[in-house]
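One structure is given here, and the rest of the page talks about it.
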Amino acid sequence: MCVEATPPPSSKLTRRGVLAGAAALAGTVAAAGQATAAGTGGGAASGRRAPATTARVGHLVIQGGTLLDPATGEVTEDALVVIEDGTVRAAGRRGGVTVPQGVEVLDAHGRWILPGLVDAHIHLSTAAEARDAVRKGATSARSGSTSFYQDIAVRELARHSPSLAPRLQAAGVFVTPNLGDTVLADPDLTPLARLKDGVRSAEALRRVVEVNLARGADVIKTRVNERAGLPEQDPLAQVYSREQLAEIVSAARRRGKGVLCHSYSEQGCHDAVMAGIRSLEHGAFVGERTLREMRRRGTYFTPTLTAIAGLAESSDPILAERGRTYLPILKRAVLAAHEIGVPLAAGTDSSGGVVDPIGGEVELMRSAGLSPLDAIRTATTGAARLLGLTRTVGRLSHGYAGDALLLSGDPLADLSVLKRPAGVVRAGVVAA
């Protein structure tokens, strides 16, 4: 059975309503306070545009700490970072940077100053999770999908109240064979519920991609293998062929969007890369032939070491054994990718109300064999390139976002300090 050949869904008709529903699910209305989320109130019902809101960005001077530039590795002692309207206006050694009058000063003496980190694979479904991610150092992120478009609402929350959520690229809903209750996330998905074989035909695959993009998704998330985190599933079992993945990639590319792909087996990883995905997620058993193809294509590798390490601590014996087996294999794959020249991005794969610090993923990158600076780059300049934010995040330099971490020690000597930031600044506002 195929999906009827109906036109792609219209964002003009239903996107605002879907955003409103997602906002309610994410709890953003309460968190936003006086800010009004897009698509709430009578504007949606009457067709009037929702009132515009002004982002709460700040003016701040961070003074006296040791500044690390991940791009160059340069360390500047007794540094000064000037943030105006949420953007870095100047950064460098104190005395060489003019301090504006009347601006709040954050004393960073005895601290290290780093740009805010990027979590390139996280599942944020509530306002509480979004705020927790910021507090733990992720000032920018890429969603790994949510069940009912909550990530799109979180993205909007971040736009008008930056201190409450990371700058987010939303993935919408998962392109997967069995959507389950996610078919209720949007009326345009409900025809897929009667497909006996699930979302597998070219028409069905395109439909999920098109609905995601109509609802405002920034990226598309799919899978080639089953899940590692469910004991009844086999993570090496392949659920989509190269041809099916190519349909998903093609549908996303028509709208200028990339695809991130959940994967484990070498054959699955290879098929996903050859289909043209933008980034390979997890990828424990990725082999050398696939890594070399990734380097040639510029395909990113987001290994989510945190999630695999978490499996090893599971109370379920199947999951615990899976984690203990997969983690050393994945670490070897990470080091091989790095040595070959495959771009790496840090991602925690946090979900289910538990937000892991992105600094822990950086520490695991180091344990895989990367230098401290290269490990930091996976959550700053490297992840910024993956998200297309090279001139926005990953550094504290003129014109970049005013997102910063204050650390209690030298991360080049001890990366564990990244897991417990002494302070977080988001768009020039100290995150409480």
Given (1) farther than 30 Å from Leu280 by Cα; (2) in contact with a Gly (Cβ under 9 Å, 6 or more places away or on another chain); (3) of a type in the set (A, V, I, L, M, F, W, C); (4) surrounded by fewer than 24 Cβ atoms within 10 Å (Cβ to Cβ), Ala108 misses just (4)
The correct count of residues that are over 25 Å from Ala422 (Cβ atoms), in contact (Cβ under 8 Å) with a residue 40 or more places away in the chain and small (Gly, Ala, Ser) in the range 105-155 is 5
**Message:** Take the conditions assigned to a loop (DSSP other than H, G, I, E, B), under 17 Å from Ser163 (Cβ atoms), over 26 Å from the mean Cα position of the chain (by Cα) and modelled with pLDDT under 95 and apply them to Gln101. Does it pass?
**Reply:** no
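Matching residues to (1) among the polar types (S, T, N, Q); (2) touching a strand residue (DSSP E or B) at 6+ places or on another chain (Cβ under 6 Å):
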| position | (1), (2) |
| --- | --- |
| Val81 | no, yes |
| Gly95 | no, no |
| Gly137 | no, yes |
| Thr146 | yes, no |
| Tyr149 | no, no |
| Leu157 | no, no |
| Asp181 | no, no |
| Leu184 | no, no |
| Leu192 | no, no |
Of all helices (runs of 4 or more DSSP H) fully inside the range 148-254, the set with 1 or more residues that are farther than 19 Å from Glu281 by Cβ and in contact with a Pro (Cβ under 9 Å, 6 or more places away or on another chain) is 150-160, 202-214
Worksheet entry | Residue check for Arg135: farther than 19 Å from Glu281 by Cβ, modelled with pLDDT of 95 or more, more than 9 Å from the chain's Cα centre (by Cα) and surrounded by fewer than 24 Cβ atoms within 10 Å (Cβ to Cβ) | yes
Of Arg385, Arg391, the only residue that is basic (Lys, Arg) and outside any loop (DSSP other than H, G, I, E, B) is Arg385
When the range 314-357 is checked residue by residue, the ones that are within 27 Å of Thr139 (Cβ to Cβ) and of a type in the set (Ser, Thr, Tyr) are Thr348, Ser350, Ser351
The condition from (1) part of a helix (DSSP H, G or I); (2) within 22 Å of the chain's Cα centre (by Cα) that Cys261 misses is numbered (1)
Cβ pairs under 7 Å, 6+ apart or interchain, first in the range 78-91 and among the hydroxyl-bearing types (Ser, Thr, Tyr), second surrounded by 22 or more Cβ atoms within 10 Å (Cβ to Cβ) and outside any strand (DSSP E or B), ordered by first then second residue, are Thr87/Gly402
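The values are calculated or read from the model by the stated rules, or taken from the named source; none is laboratory data. None of the values given here were measured: they were computed from a predicted structure. Backbone-built Cβ (ideal geometry, glycine too); neighbour counts: all protein chains shown.
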